[in-house]
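The numbers here are math on the coordinates, done by the rules we state, and not lab data. Everything numeric in this text was worked out from a predicted model, so none of it was measured. Every residue, glycine as well, gets a Cβ built from its backbone with ideal geometry; the counts of neighbours run over all protein chains shown.
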Amino acid sequence: MDNMKAIYEKIRKTGIIPVIVLDDAAKADKVAKALIDGGIACAEVTFRTEAAEEAIRSIAASCPQMLLGAGTVLTTEQVDRALQAGASFIVTPGYNPQVVDYCLKKEVAIIPGCMDTNAIEMALAAGLDTVKFFPAEQAGGIKMLKALAGPYTNLHFVPTGGINRDNLRTYLSFDKVLACGGSWMVKKELIEAGRYDEIKRLAEEAVMTMLDFKVAHIGINNDSAEEAEAQVQRFAELFGFSRDVKSASTFASAELEVCRKRFPGINGHIAISTESCERAMHFLAQKGAEFDLETAKYKGKRLSSVYLREQIGGFALHLVAR
């Protein structure tokens, strides 16, 4: 069961599960590498085609960092084929008790499709806490998902079907959504045409849409409260900024924090806001970023802020969750 929890946690941090339909297993590696280069090291290869098993085997061998799932799994025989090929989790279009029970006995992470309370009740009775909401948009979208999730406070969803760049963040902003599945960055025509650069671009775009980085504020370090107060007054004189006193600093405006002591950074810090600090950390770590976990702060179980170890231009970098 610990392995199952670890898989779900990796999926949650990734946030996006590209759903790939491959007719030619020879193209699998290039599609996977394009996704990884674009920042998404997770994918679901569907068993809708004869090439699925070989595609999973090829990706598992060439891209071991890729978290691989097998989708559209309909039988226990397909479960075995997928696992032997290298899949780490199973996704089904509906709730198939035989397939679910088989995966649970093997302690394999499974995400069964559930679009009504009957299927959800079956999933809960089996001991699952994660299901797929499919087809998401056709079944009523985020409003329907929120209504459906209401009675089930400990259940998480992976909405799939009609998810795209325009509605991705709407779904992910709902705290019951573990991740979103979608095929818009791996469309069949892109794969057939060998447009791997475009797949990479769309993956990068999806990640940036999900994380939605924005400069929240700039903090200026000072050695004393008197020094900070003089700066705040000057900002007010010049620009009319109103002051907002906090515990260790004064905001001369919503975007300008004048610190009454020294925080990380030679000169100060730049706060970058994001929809999810944990997903941002997962993505930025792929770019070589390291984090000072001693600075991490939480609101409940949610990571609300953390500093990176590096500085740019004498300013520390500080992730903050919106």
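Laid out as a table, the results:
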read-out	value
Tail fraction, Cα-Cα pairs, the stretch 214-321, threshold 18 Å, whole percent	51 percent
Antiparallel DSSP beta bridges within the chain, percent to nearest 5	40 percent
Computed log₁₀ I(q)/I(0) - Debye formula, equal Cα scatterers, no solvent, the stretch 1-114, q 0.16, 0.21, 0.23 Å⁻¹	-0.65, -1.14, -1.35
Dimensions (Å) - the chain, Cα atoms, principal axes, largest first	72, 44, 34
In degrees, nearest ten, helix 76-85 long axis to first principal axis of the chain (Cα)	60 degrees
Degrees, to the nearest 10: 225-239 long Cα axis against longest axis of the chain	90 degrees
Cross-link table Lys27/Lys214; Lys176/Lys297; Lys13/Lys299; Lys13/Lys214; Lys13/Lys246; Lys10/Lys146, entries beyond 26 Å C-alpha to C-alpha	Lys27/Lys214; Lys13/Lys246
Nearest-ten-degree value, helix 196-211 long axis tilted from longest Cα axis of the chain	50 degrees
The chain, relative contact order in percent, only Cα pairs under 8 angstrom and at least six apart counted	14 percent
Percentage of interatomic Cα-Cα distances in the stretch 264-322 larger than 15 Å	45 percent
MRE, 222 nm, helices only [DSSP H, n ≥ 4, -39500 (n - 2.57), over the chain, to nearest 500]	-11000 deg cm²/dmol
Relative contact order (percent, whole number), the stretch 214-321, Cα cutoff 8 Å, 6+ residue spacing	27 percent
Computed FRET value (nearest 0.05) for Asn154 with Gln233, which takes r as the C-beta separation and R₀ as 56 Å	0.65
17 Å reach of a label modelled at Met144, 7 Å along Cα-to-Cβ, counting backbone N of the stretch 78-104	93-95
Separation of the Ser173 and Arg243 label points, Cα + 7 Å toward Cβ, nm	3.5 nm
Range of Cα positions in the stretch 79-201 per principal axis (Å), largest first	44, 38, 20
Charge dipole (debye, nearest 20) of the stretch 2-211; +1 at Cβ of Lys and Arg, -1 at Cβ of Asp and Glu	440 debye
DSSP-defined beta bridges in the stretch 214-321 - what % are antiparallel, rounded to 5	70 percent
Kirkwood Rh and Cα Rg combined as Rg/Rh, the stretch 173-213	1.07
Highest average packing first - 286-294, 64-72, Cβ atoms within 10 Å	64-72, 286-294
